[in-house]
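Shown next, in C-alpha cells, is the structure this report addresses.
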Amino acid sequence: MLMMAGRGGATKLASSMMLVARCFSTATARGMLVKEAVHAKAMGCQGDVVRGNVGEFVVRGSVFGLRHGSTASFSEKDQQQNVRPVAEGGGVDKEEKEETVSYWGVPPSRVSKEDGTEWKWNCFRPWETYSADLSIDLTKHHAPVTSLDKMAYWTVKTLRWPTDLFFQRRYGCRAMMLETVAAVPGMVAGMLLHCRSLRRFEHSGGWIKALLEEAENERMHLMTFMEVSNPRWYERALVFTVQGVFFNAYFLGYLISPKFAHRMVGYLEEEAIHSYTEFLEEVDRGNIKNVPAPAIAIDYWRLPPNSTLRDVVVVVRAHEAHHRDVNHFASDIHYQGHELKEAPAPLGYH
C-alpha cells in the first residue's frame, strides 16, 4: 500500500510539474547555488535533475517551482549570496552573466566585433555603428521669411536665454540637458507618422524610420555625455519638468502644423551646433579637461582607440548639423504643399 501511495504521489508530482511547465512560460535563474546534483530518470523525466532549494528543480536548464508561479522563488539569504554583477553602461560582464531561461526557446544573442572579441553593448549592435561625416557645412542657416518661420526662430532664441543663464560655462551638463530635449522631436514625429500610416493604410516614404533614427542618435549622445559629466540632483529634476512640458508642447505643435514643428527643430539644431562649438573652444583653452573618450562613443562612432572628449564633441556637432538639414528639408516639403511620403526620406544621412 505504501509503495502504491508513493507511486501515486510521484505521478501527481510529475503531473503538477508538467502543468506548471506548460502554464507558466518563463523562469529566471539568478545565480542559483546548486548544492547537489543527481543523475536520475524519475517520474518520466529524462536528463539531469538538480536539487537546489526545497520544492524547486532544474531540469535541462529550466526552473520549475512547485508553487503556481512563473518565476522561481529564492530566500533572501540565497539571493544575497548568489546575485552576480552585470557590467555598467548596457554592457555584459565577461566573467559572470545572468542567464534568462525562456520557455519559448529564444536564444541569447552572442555578438562579436570584426576582430573576434566579444561585443559588450546590448543597447546597440555592430551593424548599427557608423563613422560620422565631418565634412558637412556647419555654417548653413535658414533665414526666416514667413510668419511661421519667424515664430519658430524666436521661440528657439527665447528658450536659449534661460539655458545660458542656468548652465553658463558647464557645457558637459548643458549637453546632457540639450540631448534630453533634442531626442524628443524625432520620436514624437515618428510616432505620429506611424499612427497616420496605420489609419490611412499608406506608406510613409521612409520618414518614420528616418525620424526614429534621429531620436535614437540623439539618445546615444546622452548616453555618451553621461560618462563624462555628473548632473546634480536639481538638474535631474529639471529634466523631468522640461521633458514633460516639451513633449506635450511639441506633440500639439506637430498636430497643428508639421512645417512649423520641423522648422523649429531645424533652428534648435542650429543652436546645438553653436553650443558644441563653444564646448570645443573651452576644451581648446584648457578650461575643460580633454579626457579619454568613453568606450561607448568609440564603439558607436568607430573612433580610434586613443580618441578624446574633443573628438567626441566634433562628431556630435556634425550629427546636429545633419539633423538640422533633415528637419529644414522636411519643413520645406510641407511649405511646398506636399506630404513627407512624396519625397524619399534621407535614411542613413549622418
### Task
Identify, from the list A237, A272, A345, A295, the residue that is free of Cβ contacts under 8 Å to residues at least 24 places away in the same chain and either among the hydrophobic types (A, V, I, L, M, F, W, C) or in contact with a strand residue (DSSP E or B) (Cβ under 7 Å, 6 or more places away or on another chain) (or both).
A237
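Against the definition (touching a helix residue (DSSP H, G or I) at 6+ places or on another chain (Cβ under 6 Å), under 23 Å from T139 (Cα atoms) and open to solvent by 70 Å² or more (accessible area, probe 1.4 Å)), how does Y349 come out, yes or no? Steps first, answer last, please.
Working: touching a helix residue (DSSP H, G or I) at 6+ places or on another chain (Cβ under 6 Å): yes; under 23 Å from T139 (Cα atoms): yes; open to solvent by 70 Å² or more (accessible area, probe 1.4 Å): yes.
Yes, satisfied.
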#### Entry: Condition met for I298 (crowded, with 19+ Cβ neighbours inside 10 Å, more than 23 Å from L212 (Cβ to Cβ) and over 24 Å from the mean Cα position of the chain (by Cα))
no
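Taking R324, is it in contact (Cβ under 8 Å) with a residue 60 or more places away in the chain and either hydroxyl-bearing (S, T, Y) or part of a loop (DSSP other than H, G, I, E, B) (or both)? If you could, list the steps in order and put the result at the bottom.
Values: in contact (Cβ under 8 Å) with a residue 60 or more places away in the chain: yes; either hydroxyl-bearing (S, T, Y) or part of a loop (DSSP other than H, G, I, E, B) (or both): no.
Taking the combined requirement at face value, the residue does not satisfy it.
The values are calculated or read from the model by the stated rules, or taken from the named source; none is laboratory data. None of the values given here were measured: they were computed from a predicted structure. Cβ: placed from backbone, ideal geometry, glycine included. Neighbour counts: every protein chain shown. The protein model used for the area step is the full one, side chains on, heavy atoms only, and it has no ligands, DNA or RNA in it. Shrake-Rupley method; radii C 1.70, N 1.55, O 1.52, S 1.80 Å.
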